[in-house]
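Nothing in this text is a laboratory measurement; each read-out follows from the coordinates by a stated rule. Remember, it's a predicted structure, so these values are computed and weren't measured experimentally. Cβ: placed from backbone, ideal geometry, glycine included. Neighbour counts: every protein chain shown.
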Amino acid sequence: MLKRIVLFVLFLSLISVSDGESRVYLDINAPTFVQIPIILPKWRALDRTPPALSAKVYEILANDLAISGFFRVIDVDRLPSHLKDKEGIPNTLSLQEWGSVGGEVLLAGEISLDSEELHLRLKFHLFDLVEEKHLVGKQYEGHLKNLRMMVHRMVDEAILQLTGEKGVNNTKIAYAALHGGGKEIFVADFDGAEVKQITQNRSLNLSPVWSPDNKRIAFTSYLKRNPDVYLIDIDGKNLQRFSYYSGLNASPCWSPDGKQIALMLGMGGKSEIFLIDASGGNPRKLTRGKENELANEASPTWSPDGQEIAFVSDRSGSPQIYIASKDGSVVRRLTYEGSYNTHPAWSPKGDRIAFCGRVGGHFEIFTIAIDGTGLQKLTSNSGNNESPCWSPDGRYIAFSSNRTGGSKIYIMNANGLNQRPLTQSKGGETSPSWSKRFE
């Protein structure tokens, strides 16, 4: 089990934004925005710190900023000759010469390593080049093995200063991937690095989903030849067979408080949505009534307040998205456009639902407001795009796509911009699930 980051990351200094009205750098809630040009000078390696380690920090830092979608990175290679060799943290008196490069903000830092104890110290400072002022400075300390997490923390802080909300760099994404003739569950950092295999049962493991406390993952597996729902710790230990009724047990989804799991059960020749206590008992059907006696229902997803559940039903003749109160007493149809809409995912902000819809023989990712208005198509003419899931801050969507051949995990901004692959293998990755932040 992951240890809390506070055990190895120390926030030793914080210099606040100067007094006066704060400048608005980026309105992340705007339908479109212009990326902030950010300058990254060369990092300074102090004492006997290997230059290769400084270069590694710089590489992770630049990649994190680019992946965020908020920045246009101006790195060392694109700096004029008189600035390329300048290292470390500049003083505010020299900001004018950096501003002439075309950047609006500058992020600079230094690194030192105690080679005997492998104790790492990272210090960074963020500057506003337009107003020529210092925004924030922080220092992080920890073991060398936690270098990536420390850099992710740094970028989260920079994003907080410039957008008003922390980034999601210290989150993880679980997904299913082809492996050894079957499919196993894997977990990677938000940038696709540090991939770890969670299951190793050589079976077909599908549809992973994080528990609200980030400690467990629920998924469907054919380990016992029947599609059953299992729970497993994120270190791959304590495998538990959770739901194993005869027939289909699939698409688990934890309630926000972690006390219940919604899932799809196949009974009597059709599939229905059930709620089961997280302890494994007290199963109860979500929807009931004559109007859905012959309907198949699938893919439940909880609202952030835990009061409603969106799901797929073909009760109207084709798969569409519906929303039900958590006791099933009120059900309403959400989607009306398109003849095949599946895989709903409720935004953490509560205002929109992402889903997969078939258009012209291909599947695309859409979002829609919870009142059925504001339908937006986010992907287009790029293979099949399926299984959307939201980042915990609601600013990104991860999904699977076979646009380049085999299916890979992609992420994009919630408005559809900045689509880029997360996984770098030959393909076979599906069903992403985004964790909460690891604090």
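Just list whichever of 172/237; 196/224; 56/86; 215/270; 123/172; 145/259 have alpha carbons separated by over 28 Å in the model shown. Going by Cα-Cα distance, 215/270; 145/259 fall outside the 28 Å limit.
What the Cβ-Cβ distance of residue 117 and residue 384 gives, at R0 = 51 Å and to the nearest 0.05, is a FRET efficiency of 0.55.
Note on the chain: the alpha carbon radius of gyration divided by the globular reference 2.2 N^0.38 Å gives 1.06. The relative contact order of the chain, computed from alpha carbon pairs under 8 Å that lie at least 6 residues apart in sequence, is 11 percent.
What the Cα atoms of the range 308-419 give is an Rg and a Dmax of 13.6, 44 Å. With only Cα atoms counted, the range 235-335 has Rg and Dmax values of 13.5, 45 Å.
Note on the range 172-434: Cα Rg divided by 2.2 N^0.38 Å, N the number of residues, gives 0.93. Our note on the geometry: Cα centres of the range 97-133 and the range 192-225, 38 Å apart. Here residue 316 and residue 224 are evaluated by their C-beta separation; at R0 = 41 Å the FRET efficiency comes out at 0.75.
Available extension along the chain between residue 425 and residue 193 is 82.4 nm, counting 0.36 nm per residue and deducting the alpha carbon span. Angle, helix 147-163 long axis vs. longest principal axis of the chain, Cα atoms, 0 to 90°, nearest 10? On a 0 to 90 degree scale, this one is about 90.
What is the antiparallel percent of DSSP beta bridges lying wholly in the range 175-256, to the nearest 5? Percent antiparallel among DSSP bridges in the range 175-256 is about 95.
The range 48-78 and the range 332-400 have their alpha-carbon centroids 33 Å apart. Here the chain carries DSSP beta bridges of which approximately 90% are antiparallel, counting only pairs with both residues inside. Listed values for the range 336-349 are Karplus-derived 3J(HN,Hα) couplings in whole Hz (6.51 cos²θ - 1.76 cosθ + 1.60, θ = phi - 60°), namely 10, 8, x, 9, 7, 10, 9, 6, x, 9, 7, 5, x, 7, and x replaces Gly and Pro.
When its C-alpha radius of gyration is set against 2.2 N^0.38 Å (N residues), the range 35-154 gives a value of 1.02. For the modelled label position 7 Å from the Cα of residue 330 along Cα-to-Cβ, which residues of the range 297-319 have backbone nitrogen atoms closer than 15 Å? 303, 305-310, by backbone N distance to the label point.
Rounded to the nearest Hz, the phi-derived 3J(HN,Hα) couplings of the range 422-439 under the Karplus curve 6.51 cos²θ - 1.76 cosθ + 1.60 (θ = phi - 60°) are 8, 8, 10, 7, 6, x, x, 9, 9, 6, x, 9, 9, 6, 6, 5, 8, 8, where x marks glycine and proline. Hull volume per residue, based on the alpha-carbon atoms of the range 283-365 and their convex hull, is 96 Å³.
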